[in-house]
């Protein structure tokens, strides 16, 4: 069952890559052939196998030998792993399908943000709706879900406030509703996920600054959606408490 869910997640991630690449363009993603980004040749079915086609081709396109980005197999492995972990956590149930839907929409948002540094409102609305329904059925009671909704609203409002006070320089406004959706399905681990997001962002941000050429003072604009997603997912699947981690280090 773990293998089945991993393969299913990898296939969904491959389709999400097509959706993200063609969203807000004149190309449709339901029908039509896929083409090589380098030479424009139509891709065969064997070239579209998640992960496997990349490994067999040693990271290069069969049609022209052009190097293929490692982002595609990485996202396929990532979503496949999350699908398998979700099955381990929840078992086969209706709420599992809701969680998988939310994770798939989250991947689409992260990939689009990395490519264009913007979160599409359509995908964002679908993700919030899927997360709200998932969080409602995962909550032990209605009161617990209302508590989670209150926490999610506070976390989202804090990021919206940062956006307003910084006039959009510190953070985009779309990160606030994204945080709302992430906190809704995270439930009791929402606050921990919020903290982990800033920890992960700080580590990666410092690494980016250290790699700048010597003598440059130009700032670097980095999408925050991937850090938010990584932090909340880490907290949800591990149930780690950041305060206990700090206490253990001290």
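Taken as a whole, the condition of being modelled with pLDDT under 70, in a helix (DSSP H, G or I) and surrounded by 15 or more Cβ atoms within 10 Å (Cβ to Cβ) applies to residue 47. When 96, 155 are checked against the criterion of being in contact with a helix residue (DSSP H, G or I) (Cβ under 8 Å, 6 or more places away or on another chain) and either within 28 Å of residue 23 (Cα to Cα) or in a loop (DSSP other than H, G, I, E, B) (or both), a single residue qualifies: 96.
Of the listed requirements (1) in contact with a helix residue (DSSP H, G or I) (Cβ under 8 Å, 6 or more places away or on another chain); (2) farther than 17 Å from residue 239 by Cα; (3) surrounded by fewer than 23 Cβ atoms within 10 Å (Cβ to Cβ), residue 191 misses just one: (2). Only a single item in (1) more than 18 Å from residue 11 (Cα to Cα); (2) without any contact (Cβ under 8 Å) to a residue 24 or more places away in the chain; (3) not in a helix (DSSP H, G or I) is not met by residue 122, and it is number (3).
Pairing each residue of the stretch 1-20 that is on the phi < 0 side of the Ramachandran plot with any residue that is surrounded by fewer than 21 Cβ atoms within 10 Å (Cβ to Cβ) and not in a helix (DSSP H, G or I), provided the two are 6+ apart or on different chains, yields C-beta distances under 6 Å for 10/51; 18/29; 19/29.
Contact map, the stretch 80-106: residues that are in contact (Cβ under 8 Å) with a residue 40 or more places away in the chain paired with residues that are crowded, with 22+ Cβ neighbours inside 10 Å and not in a helix (DSSP H, G or I), Cβ distance under 8 Å, separation 6+ or inter-chain. Pairs shown: 80/50.
Is it the case that the stretch 54-71 has a residue that's within 23 Å of residue 178 (Cα to Cα) and either exposed (fewer than 13 other Cβ atoms within 10 Å of the Cβ) or under 21 Å from the mean Cα position of the chain (by Cα) (or both)?
The answer is yes, given that some residue of the stretch 54-71 is within 23 Å of residue 178 (Cα to Cα) and either exposed (fewer than 13 other Cβ atoms within 10 Å of the Cβ) or under 21 Å from the mean Cα position of the chain (by Cα) (or both).
For the stretch 163-183, the set of residues classified as surrounded by fewer than 16 Cβ atoms within 10 Å (Cβ to Cβ) and not in a loop (DSSP other than H, G, I, E, B) consists of 164, 165, listed by residue number.
On inspection, residue 242 does not qualify as within 23 Å of residue 99 (Cβ to Cβ), touching a residue at least 40 places away in the same chain (Cβ under 8 Å) and under 18 Å from the mean Cα position of the chain (by Cα).
The values are calculated or read from the model by the stated rules, or taken from the named source; none is laboratory data. What you are looking at is a predicted structure, and each value in this text was computed from that prediction instead of being measured. Here the Cβ is made from the backbone with ideal geometry for all residues, glycine too, and neighbour counts use every protein chain on show.
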